[in-house]
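Report on the following structure.
The values are calculated or read from the model by the stated rules, or taken from the named source; none is laboratory data. Computed from a predicted model, the values in this text were never measured in an experiment. In this analysis, Cβ positions are derived from the backbone assuming ideal geometry, glycine residues included, and neighbour counts consider all displayed protein chains.
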Amino acid sequence: MAGVETLPREYGYVVLALVLYCFLNFWMSSRVVNARKKYNVNFPTMYASESENKDAKLFNCVQRGHQNSLEMMPKFFMLMIVGGIRHPLICASLGVVYVVGRYFYFTGYSSGDPQKRMTRGKYSFVALFGLIFCTISCGVNLLHA
């Protein structure tokens, strides 16, 4: 069984980029908690109903921005962890771009105008495609090793 000593030293940057995303996720979670208080949306309600809450769209934009990031998180983590084995510096750099892009995606969505999520948030998807290529490269390389 391969140990940590077989990973490239630069893999530490991949780990740090993943931790950076965890901090972003904590922050987004806190924004949802604040929005629940501000717009009076109690647990376990996931999304506010416009017929019951005049601020439903505002709350739902905050909630949806975070929820979408949670939905994307397993893909991002898997691509970072596997692609980083072969391309640690590229994946770590793309990971930082992804995290920054997710920040802008969330803040744009949280503005109440969902279209603003893609203004600068679109770069998270560009980074994700780069991570896909790194992970494919890692898989191909393992098959030819």
Handout entry: Unmet criterion (only one of (1) crowded, with 16+ Cβ neighbours inside 10 Å; (2) within 11 Å of L131 (Cβ to Cβ)) for G65
Key = (2)
Problem - Count of the stretch 1-24 residues which are surrounded by 14 or more Cβ atoms within 10 Å (Cβ to Cβ) and either out of contact with any Lys or Arg (no Cβ under 8 Å at 6 or more places or on another chain) or at pLDDT below 95 (or both) - result: 10
Problem - From the options V32, V41, V15, V62, residue that is out of contact with any strand residue (DSSP E or B) (no Cβ under 8 Å at 6 or more places or on another chain), outside any helix (DSSP H, G or I) and among the hydrophobic types (A, V, I, L, M, F, W, C) - result: V41
Practice task
Could you check how many residues of the stretch 108-128 are part of a helix (DSSP H, G or I) and either more than 13 Å from the chain's Cα centre (by Cα) or more than 25 Å from L16 (Cβ to Cβ) (or both)?
Solution key: 8
Problem - Residue list for the stretch 86-112, restricted to those being free of Cβ contacts under 8 Å to residues at least 60 places away in the same chain and not hydroxyl-bearing (S, T, Y) - result: R86, H87, I90, L94, V97, V100, G101, F104, G108, G112
Completion exercise
Residue count, the stretch 70-104, condition hydroxyl-bearing (S, T, Y) and crowded, with 22+ Cβ neighbours inside 10 Å, comes to 1
